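First up is the structure itself, then whatever we jot down about it.
Since every read-out is calculated from the coordinates, none of them should be taken as a lab result. All values derive from a computational prediction rather than experimental measurement. Cβ coordinates were reconstructed from backbone atoms using ideal geometry, including for glycine residues, and neighbour counts include every protein chain displayed.
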Amino acid sequence: MRSLLFVPGDSPKKLDKCLASGADTLLLDLEDSVAPSAKIGARATVRDFLKSAVKEKKRPAFYVRINSLDTGLADGDLDVVLEGKPDGILLPKSNGHQDLVLLDAKITAREAIHGLPDGSTKVMVLVTETPLSVFTLGTYKGASDRLTGLSWAALDLAVAVNAETYRLENGDYTPPYQVARALGLFAAHAANVLAIDTPYLNFRDEAGLKKESEEARRDGFHGKMAIHPAQVAIINEVFTPNTEAIKRAQAIVDAFAANPGAGTIGVDGNMLDRPHLIRAEKLLATAKAAGII
């Protein structure tokens, strides 16, 4: 997953339009982008959209962001949207693995009700939206076989602690949110799932989005969330390996394959060891998933 685009779940027009956005994943939102008065109706809108769209052969993945477990709305969200057979659920404001375990159980019951294969509905989790969540980031490993990715967040965390801002004048994150970002990244890799970067909220600032996406890729994130279709192309470009990188990765893999007993290999005048092989294999897997090899 390179690009994950949020789409308000109460707008059939926006849902249909975003099918052509080029995003790898659409995050059909029942939470922050939907007004309280529209949340009940949005469930049916998302369900009906899913029933139609999941039949398409060429389509993005569909995840539904439900309301958080402490709102009293999550059960109703799941009751309705699981009828539409989404690929996954995005859990907001998680406070640790216990929330993931609880969600897993809720989904399991509804898969049985709707005749879905057990475990077929995957889960991604937003892991730094509350102060408590920052202290439980290492608990997700092994909590659920449904887990496919973790994403960190800055805005909700800043609101929770009454921060005046979470960005410096130059656009960089302030120190507390640099910590949250780093810990979210490491938590995802510790759990062996995708690390997804938080959205860049100024959708008109293409240069800023590209810079932040490149920094995320550099640091080990697999993809980035988006809040506007105009952001998708930039995110996809940044997180898609280029021809030169693919060629070098393949050369490393080929060199180790030709010398299976070697601990180090010389490639283009550089001595490389097993971590270089692992990184090359991951890059080729990313390229394959993007359909470019």
Calculated Rg and Dmax of the stretch 149-224 using C-alpha coordinates, Å | 12.2, 34
Could you please tell me the mean projected area of the C-alpha convex hull for the stretch 243-289, averaged over all directions and given in square nanometres to one decimal?
-> 3.0 nm²
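Around residue 281, what is the net charge, scoring Lys/Arg as +1 and Asp/Glu as -1 over all other residues with Cβ under 12 Å from its Cβ?
Working: positive: 274, 279, 282, 288; negative: 254.
Computed value for this residue: +3.
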For residue 40 paired with residue 257, estimate the spin-label separation in nm (one decimal), with each label point 7 Å from Cα along the Cα-to-Cβ line.
-> 5.9 nm
Listing 85, 288 from the residue with the fewest other Cβ atoms within 10 Å to the one with the most, what is the order?
-> 288, 85
DSSP beta bridges in the chain [antiparallel fraction, %, rounded to 5] | 15 percent
Simple spin-label estimate for residue 16 and residue 207 in nanometres, 7 Å along Cα-Cβ | 3.8 nm
What is the local net charge at residue 43, summed over the other residues whose Cβ is closer than 14 Å to its Cβ (Lys, Arg +1; Asp, Glu -1)?
-> -3
Please work out the Cα center distance from the stretch 80-135 to the stretch 244-293, rounded to the nearest Å.
-> 35 Å
Work from the charge dipole of the chain (Cβ charges, +1 for Lys and Arg, -1 for Asp and Glu, about the Cα centre) and give the residue of 192, 96, 278 farthest towards its positive end.
-> 278
Centre separation in Å (Cα based) which lies between the stretch 1-25 and the stretch 169-219 = 21 Å
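By count of other Cβ within 10 Å, fewest leading, how are 108, 243, 25 ordered?
Numbers: 108 16, 243 10, 25 24.
Lowest to highest Cβ neighbour count: 243, 108, 25.
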Tell me which label goes with the value of mean projected area of the Cα convex hull in nm² computed from the coordinates here: (1) 23.4; (2) 16.9; (3) 19.3.
-> (2)
